[in-house]
Amino acid sequence: MTDPYKATAKPSLADVPEAPYLMVDGVGAPASEEFATAVGALYRCAYAVRALRPVKEKVRPLSGLWQGDHQGDRADWKWTIMIELPSDVDAELAARALETAAKQGPIGGVRHERWAEGTVAQILHVGPFSEELSTVERLMAWIAEQGLRVSGLHHEVYLSDFRRVDPAKQRTILRYPVSRDA
């Protein structure tokens, strides 16, 4: 099975299996207060899940699904941010964790959901988000060369904590679900 948290600067295919996630939806720019609040709530819930499990695994990277014109007004962007959970986290454990996290502060819309992405085309982008477009264009050209088509949302996996890492050193996996042309 492909490690969903590894990618290189060369486009490739990967299989991302179904897994449990914590997710929250929103609208607005990634620099908005709503987005920052949602990220904080999501991490609070993820750490609550970790605290309730007998084996203390590292919290997995934040990721986001993005909809909207990436060259248009960011205030109109729709997003779902999420954190993958260990495979044994069921609805009951997640509900207990969300209840615990809610005692520490608002968790506004964070939910537990099983989600599958399937086959994806992906590439590692190193640098600020503002410079992603050329990396996305390379990935899109590669997808077309492979006789594939994009069949889902723009997905970013944040290998670096963008709240703490110098933008020039940020590492982000850019991926799109793909399927064969008919």
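Kindly rank 171-180, 104-113 from highest to lowest mean number of other beta carbons found within 10 Å of each residue. Walk me through the numbers on the way to the answer.
Numbers: 171-180: 19.1, 104-113: 15.7.
Those peptides, ordered most packed to least, come out 171-180, 104-113.
Pull out the extension gain between THR8 and LYS103, defined as 0.36 nm times the separation in residues minus the alpha carbon to alpha carbon distance; nm, one decimal.
This chain segment gains 30.2 nm when fully extended.
Rank the residues GLU57, GLU117 as a footprinting-exposure proxy: fewest other Cβ atoms within 10 Å of their Cβ go first. Before the final figure, lay out each step's value.
Working: GLU57 10, GLU117 20.
So the residues, fewest neighbours to most, are GLU57, GLU117.
Would you kindly derive the ³J(HN,Hα) couplings of the stretch 148-159 from the backbone phi angles with the Karplus curve 6.51 cos²θ - 1.76 cosθ + 1.60 (θ = phi - 60°), listing them in order in whole Hz, with x for Gly and Pro?
With the stated coefficients, the stretch 148-159 comes to 10, 9, 5, 10, x, 7, 4, 10, 10, 10, 8, 6 Hz.
Within the chain, which DSSP H helices have Cα atoms that stretch 18 Å or more along the helix axis and a mean Kyte-Doolittle hydropathy of at least -1.0? List each step's numbers first, then the result.
Details: long enough: 33-52 (29 Å, 0.62); 132-145 (20 Å, 0.31).
Helices passing the filter in the chain: 33-52, 132-145.
Hey, can you grab everything whose amide H is under 5 Å from the amide H of GLN170? Only 5+ residues off in sequence or another chain; H modelled, so Pro and N-termini drop out.
GLY127
Net charge near LEU52: determine it from the other residues with C-beta under 15 Å of the C-beta of LEU52, scoring Lys and Arg +1 and Asp and Glu -1. Please report the intermediate quantities before stating the final value.
Details: positive: ARG44, ARG50, ARG53, LYS56, ARG96, LYS103; negative: GLU57, ASP88, ASP90, GLU92, GLU99.
Net local charge, LEU52 excluded: +1.
Taking the number of other C-beta atoms within 10 Å as the exposure measure, put ASP3, ASP161 in order starting with the fewest.
ASP3, ASP161
Taking the highest mean first, how do the peptides 35-47, 15-27 order by number of other beta carbon atoms within 10 angstrom per residue?
Details: 35-47: 19.9, 15-27: 17.7.
My ranking of the peptides, most packed first, is 35-47, 15-27.
Across bins of 10 angstrom width beginning at 0, how are the C-alpha pair distances of the chain distributed, in whole percent?
Pairs per bin, as whole percents: 9, 36, 37, 16, 2, 0.
With +1 on the Cβ of every Lys and Arg and -1 on the Cβ of every Asp and Glu, and nothing else charged, how large is the dipole of the stretch 1-116 about its Cα centre, in debye rounded to the nearest 20?
My answer is approximately 460 debye.
Could you work out the helix-only [θ] at 222 nm for the chain, with each DSSP H run of four or more residues adding -39,500 (n - 2.57) and the total divided by the number of residues, to the nearest 500 deg cm²/dmol?
-8500 deg cm²/dmol
Counting C-alpha atoms alone, how compact is the stretch 18-115: give Rg to one decimal and Dmax as a whole number, in angstrom.
Calculated on Cα positions, Rg and Dmax stand at 13.7, 46 Å.
Every number in this text was worked out from the coordinates using simple rules, so none of it is lab data. Computed from a predicted model, the values in this text were never measured in an experiment. Quick reminder, even Gly has a Cβ in these numbers, built from the backbone with ideal geometry, and neighbours come from all protein chains shown.
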